[in-house]
Amino acid sequence: MSQYPNIDRWILYLSRNGLRELRMKNSGVSLYALPSYIFLCEELKHLALCNCIFKPPCGTTGSFHSLKELSLNQVAFKPEVSASIFTASKLETLRLIKCSGMDHLNFDSCSPSLSTLVLYKNHGVKLHCFMNCKSITVAQVVLPMEVKSFGPGKSINFASLFEHWPLISTLFLDGYHLKHLAADSITSALPVKVNHLRDLTLYGINFTDLVQISSILCLLHSSPRVHSLVIWMNVPTVTADNNLVLQYLQERSCMSEEINSLRALKMIYFQGSRA
């Protein structure tokens with residue numbers, strides 16, 4: 001903490017000299033409070049912060065106009081911080097990892113330009129805020145286990161997700177929310193084709209969970225160009241065979257279409273089972 005005033009002065013100095021990229025990792029125990037003059041960096045295009053906090057007057061004095069890449073890791077926002085601090089941005093890449101206090105922030109202006117989205121175990125970030133981002137090609141979505149919904153309004157399922165993200169080519173999902181997007185339904189294919197999806201990674205998969213397994217097959221059958229599938233199994237993997245899963249897999253209807261496009265399959269923490 002004794003170094004924080006020195007960092008404040010560095011940011012003030014840089015804000016007057018056309019700063020375009022700032023990457024700051026705070027290894028201290030306490031969060032570093034960002035000074036308000038960070039918003040004077042009008043040419044800032046790349047901002048990466050770790051273990052920091054936005055609090056008034058920071059966030060009430062302006063917004064980032066030129067920002068294209070924003071990476072926040074364990075960054076907190078006080079409720080008094082303006083909801084519009086990112087609305088002027090033309091973000092192409094947004095990474096939010098274990099952030100908090102973001103319930104009130106507005107990301108609507110990111111919609112036309114955002115192509116890469118990473119949401120990893122944040123508190124207060126809702127997936128529905130990014131449903132109008134039609135340009136997303138890469139997405140990683142892992143929400144906290146205590147989150148029971150994706151946000152207010154109409155529920156999001158796989159069909160609506162791919163309708164809103166028609167260009168998605170790389171998708172990373174955890175097993176917990178794989179089930180939420182599947183809406184506990186078991187179907188052979190989605191009502192929409194996911195024509196651009198190439199790489200699919202699924203984390204925390206349980207081969208005794210019927211909804212998870214049927215959802216994986218549903219995604220594969222609905223993605224005619226998927227090339228790579230990576231499955232991270234739960235640890236420890238439950239080795240007891242589930243009769244419902246076995247029965248489902250042995251039915252010909254669930255394999256009604258061949259998966260000819262798949263070129264690479266990787267299973268991590270795999271343990272043998274009939275399923």
Let me know the charge dipole size of the chain about its Cα centre in debye, to the nearest 20, where only the beta-carbon of Lys, Arg (+1) and Asp, Glu (-1) is charged. 500 debye
Give me the number: length gained by fully extending SER2 to ASP199, i.e. 0.36 nm times residue separation minus the C-alpha to C-alpha distance, one decimal in nm. 66.4 nm
Just checking my list (i) 1.01; (ii) 1.27; (iii) 1.15 against Cα Rg over 2.2 N^0.38 Å computed from this structure; which label fits? (iii)
Non-local amide H neighbours of ALA33 (under 5 Å, H modeled in plane, Pro and chain starts lacking H): which ones? ILE53
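Hey, what did region 1-141 get for relative contact order, percent, Cα under 8 Å, at least 6 apart?
Numbers: 332 pairs, mean separation 22.8, N = 141.
It comes to 16 percent, rounded to a whole number.
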For the chain, the charge dipole (Cβ of Lys, Arg +1; Cβ of Asp, Glu -1; about the Cα centre) points to a positive end, and the Cα of SER89, SER15, ASN234 closest to that extreme belongs to SER15
At 0.36 nm per residue, and after removing the present C-alpha to C-alpha distance, how many nm does the segment from GLU42 to LYS266 gain when stretched out fully? 76.2 nm
List every residue whose amide H lies under 5 Å from the amide H of TYR203, counting only residues 5 or more places away in sequence or on a different chain, with H placed 1.01 Å from N in the peptide plane. LEU173, ASP174, GLY175, TRP232
Where only C-alpha atoms are counted, convex hull volume of region 1-145 per residue in Å³: 97 Å³
For region 14-22, 3J(HN,Hα) per residue [Karplus equation, 6.51 cos²θ - 1.76 cosθ + 1.60, θ = phi - 60°, Hz, x = Gly/Pro]: 5, 5, 9, 10, x, 4, 10, 9, 9
List the lysines whose Cα lies under 16 Å from the Cα of LYS55, skipping any in the same chain that are fewer than 8 positions away. LYS78
For MET24, the residues 5 or more places away or on another chain with a placed amide H closer than 5 Å to its own amide H are ALA48, LEU49, CYS50
The size of the Cβ-based charge dipole (Lys, Arg +1; Asp, Glu -1) of region 41-136 about the Cα centre, to the nearest 20 debye, is 260 debye
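Can you tell me the length gained on complete extension of the stretch HIS164 to HIS104, counting 0.36 nm per residue apart and subtracting the Cα distance?
So the chain would gain 19.4 nm between HIS164 and HIS104.
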Given an 8 Å cut-off on Cα distances and at least 6 residues of separation, report the relative contact order of the chain as a percent. 10 percent
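FYI, it's all coordinate maths here, none of it is from the lab. In this text the structure is predicted, and so the values were computed from the model without any measurement. Cβ coordinates were reconstructed from backbone atoms using ideal geometry, including for glycine residues, and neighbour counts include every protein chain displayed.
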